[in-house]
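Structure record follows, encoded as structure tokens.
The values are calculated or read from the model by the stated rules, or taken from the named source; none is laboratory data. Remember, predicted model here, so these are calculated numbers, not experimental data. Neighbour counts run over all protein chains shown; Cβ positions are idealised from the backbone, glycine included. Ligands, DNA and RNA are excluded from the accessible area calculation, which covers all protein heavy atoms including side chains. Shrake-Rupley method; radii C 1.70, N 1.55, O 1.52, S 1.80 Å.
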Amino acid sequence: MAKLLEYQPLKACYLIYFATSLILVKLPLWTIYYIPRSTRPRRSWTVKRCLIVRVIKELFGMKVDLKLEGTQTLPTEVPDTSLVDAKFIWIDPIPDELFCGEVHRIAEMTGVQPARIPGYWLIKKGSQWSGPKAKPGEKTVLHIHGGAFYLGTANPSHVTANITRGLLMHSQSLERTFAVDYRLTSSAPNPPANPFPAALLDTVAAYRYLVQDIGFEPRNIVVAGDSAGGNLAVALVRYLLENPSSLPPPGRLLTMSGWFDLSMSRHSPQSSAVRNAPTDIFNILPPGKLFAEYAVTSLRGPMDFEVVKTHRYLSPVSLEVKPAAEGLFKGFPETYVVAGGAERILDDSLALVEMMKSDAVQVISDIPPDAVHDFPAFTWHEPERTEVLRRIAQWIDTM
Ligand SMILES: *[C@@H]1O[C@H](CO)[C@@H](O)[C@H](O)[C@H]1NC(C)=O
């Protein structure tokens, strides 16, 4: 802080003001305000949950510097000694024969190449690590973390690792899960980096690693993702189905609070984006503004916004996806769709469930009514978090 005061006094003052007004003024006032149930965003919420959601909203509203936030650094190796329940590994870039189809065509347009990226094994408490090779019949989860394509990491200290940590805790059959540190995207005021399909190619690389290097049978893999990671999980399965010469698709798919329509084509006064604005963790945006515009701009790179609205890989549930949405999910594996009933992108998950059902995909939808965005990651979001993780773990155990 002293350094910050010296070099960026304005910023330091803002941060001090922000923190003191939050702790000394706002928190006590909010606490009193939320005592009657009628003032809480949801009547079932405890005062503690109301306060946590309010504080997260406040933090999202901070005047942060995108210049710092969206700066993508090159990955470095993390020594095992700094990891408690995990192992770091490098994932090789996908070979030429796996770099194909429509995704390859877009990659040529946006100038994206396969890359070597990090991954982490997360190991069940009490389980022995006996090397990476899969045991006969062993199951695992490939987790793709959220963070609007430009934030977050697969590092096990990050909040989203608590999703798979929870699954390991409640499942009888899982001994370890795998998380991929895909490339994050950025754009002005930062150097533009990693537009679509960089992150998708990295999830293909992680899947290839599990199948070809480690020896998991595709049918024993659950491809999972939360938020933007849910979008990537669906895109990965689509990639495998559209390119039958690549690798067989996974046994199952799991999405949690997935962000499936980057163009917000369903936006209306009745949509969840508006209706759930008071109950979700995100700060309220002016009407008509896209969610995470920075992310969408970074991701599309040199392509027109039209692509974001119409492309099945970027916005698979967009109302304007072309060619028409019919049959878009044909052949998808059994899918478990989790969302929070109080979250703003709830409609994305509802649309996915409907579209999958009409394409005869076996789909389970699990939507606790008063839960916020990405609640399976938040250990303060009980009992919904544990309840949903238990149900998913059971579903994996019956695979
Ligand atoms: C993950 O869960 C543990 C156990 O509940 C908790 O102590 C930790 O703070 C969580 N991590 C994050 C980053 O939220």
- Query: In nanometres, what is the gap between the two model label sites at T31 and E217, each 7 Å from Cα along Cα-to-Cβ?
  - Reply: 5.6 nm
- For the chain, modelled as a GNM with alpha-carbon contacts under 10 angstrom, which of L352, L27, L253 fluctuates the most? L27
- Query: Expressed in nm to one decimal, what extension gain is obtained for the pair L319 and C100 from 0.36 nm per residue of sequence separation less their Cα-Cα distance?
  - Reply: 76.2 nm
- Per the Cauchy relation, a quarter of the hull surface: what is the mean projected area of the convex hull of the alpha carbons in the chain, in nm²? 20.2 nm²
- Query: Could you give the nm distance between label points at R116 and I89, where each point is 7 Å from its Cα heading toward the beta carbon?
  - Reply: 1.5 nm
- Message: Heavy atoms of the protein only, probe of 1.4 Å, neighbouring chains included. What is the accessible area of F329 in Å², nearest 10?
- Response: 0 Å²
- Expressed in square angstrom to the nearest 10, the accessible area of D181 with a 1.4 Å probe stands at 30 Å²
- Note on the structure: Helix 47-60: inclination vs the chain longest Cα principal axis, degrees, rounded to 10, gives 80 degrees
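Report the charge-dipole magnitude of segment 2-68 in Debye, nearest 20, computed about the Cα centre from +1 at each Lys and Arg Cβ and -1 at each Asp and Glu Cβ. Display every interim value, and only then the final one.
Working: 13 positive and 3 negative charges, 97 e Å.
Roughly 460 debye, rounded to the nearest 20.
Quick check: net charge around S272, other residues with Cβ under 13 Å of its Cβ, Lys/Arg +1 and Asp/Glu -1? The partial results should precede the final answer.
On the way: positive: R266, R275, R344; negative: D261, D280, E343, D347, D348.
Its environment carries a net charge of -2.
For segment 1-101, which trypsin sites (Lys or Arg not before Pro) are in a loop by DSSP, counting at most 13 other Cβ atoms within 10 Å? All intermediate terms of the calculation are to be shown ahead of the outcome.
Details: sites: K3, K11, K26, R37, R42, R43, K48, R49, R54, K57, K63, K67, K87; in loops: R42, R43, K63.
For trypsin sites (Lys or Arg not before Pro) across segment 1-101 that sit outside H, G, I, E and B with at most 13 neighbouring Cβ atoms in 10 Å, the list reads R43, K63.
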- Along the charge dipole of segment 2-68, Cβ charges K/R +1 and D/E -1, which of Q8, T39, V53 sits furthest on the positive end? T39
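Take the residue pairs K139/K357; K11/K48; K48/K289; K57/K124; K135/K330; K87/K139 and return only those whose Cα atoms are more than 24 Å apart. Could you put the intermediate results ahead of the total?
Details: K139/K357 26 Å; K11/K48 30 Å; K48/K289 30 Å; K57/K124 33 Å; K135/K330 31 Å; K87/K139 18 Å.
Those over the limit are K139/K357; K11/K48; K48/K289; K57/K124; K135/K330.
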- Quick one: angle between helix 161-170 and the longest Cα principal axis of the chain, in degrees between 0 and 90, rounded to 10, please. 70 degrees
- Message: Under a Cβ-only charge scheme (Lys and Arg +1, Asp and Glu -1), can you give me the dipole magnitude of the chain about the Cα centre, in debye to the nearest 20?
- Response: 1180 debye
- For A19 and E382 in one chain, what is 0.36 nm times their gap in residues minus the Cα-Cα distance, to one decimal in nm? 128.0 nm
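All other residues with a Cβ under 13 Å from the Cβ of L254 taken together, and with Lys, Arg as +1 and Asp, Glu as -1, what is their net charge? Before the final figure, lay out each step's value.
On the way: positive: K139, R252, R391; negative: D226, E334, D366.
Counting the neighbours of L254, the net charge comes to 0.
Could you give the alpha-carbon Rg of segment 2-68 over 2.2 N^0.38 Å, rounded to two decimals? It would help to have the intermediate numbers written out before the result.
Numbers: Rg = 15.2 Å, N = 67, 2.2 N^0.38 = 10.9 Å.
For segment 2-68, the normalised Cα radius of gyration comes out at 1.39.
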- Ranked output for segments 158-170, 13-25, 114-126 by mean other Cβ atoms within 10 Å, highest leading, reads 158-170, 114-126, 13-25
- With every protein chain in place, the accessible area of T310 for a 1.4 Å probe, in Å² rounded to the nearest 10, comes to 20 Å²
- How far is it, in nm, from the label point at K135 to the one at E242 when both lie 7 Å from their Cα along the line to the Cβ? 3.8 nm
